[in-house]
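J.: Mind having a look at this structure? Questions to follow.
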Amino acid sequence: MAKKVKKEMPLVDPNGKSVKELKEVASALQQQVIEHNNLVQHHTVMLNKAQGALEVMLQMIPKEDVEGMIKKEAEESRNDN
C-alpha cells in the first residue's frame, strides 16, 4: 500500500505574492482602517459640537431672521445643483 503524501499549501499565490508579502499588505490595510476609523470618530464629535453651537446661536437670533437665513440657504443650494 502506497503512502499518501500530504500536499502543502504553496508559499506563493498565483499572482506572485508570497504569504509574507500578503501578510504585510494585510497589516498595512488594517492599520489604515484603524486610522480612518479614528478620524471618523473625531469628525463625528466635531460635527456634534458644531451642530450644538449652531443650535445655540440660532436661538439667540430673532425667528424671522433665522427663517430668512434658511430661505436664502435653500435658494443657494438649489442654484448650486
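Every number here is computed from the coordinates shown, using simple stated rules; none is lab data. Since the model is a prediction, treat every value here as computed from it, not as a measurement. Every residue, glycine as well, gets a Cβ built from its backbone with ideal geometry; the counts of neighbours run over all protein chains shown.
J.: Go ahead and run the numbers for FRET between Q41 and E75, Cβ-Cβ distance against an R0 of 30 Å, rounding to 0.05.
T.: According to the calculation, E is roughly 0.30.
J.: In addition: Pull out the extension gain between K63 and L29, defined as 0.36 nm times the separation in residues minus the alpha carbon to alpha carbon distance; nm, one decimal.
T.: On the way: separation 34, 0.36 × 34 = 12.24 nm, distance 4.93 nm.
Full extension from K63 to L29 adds 7.3 nm.
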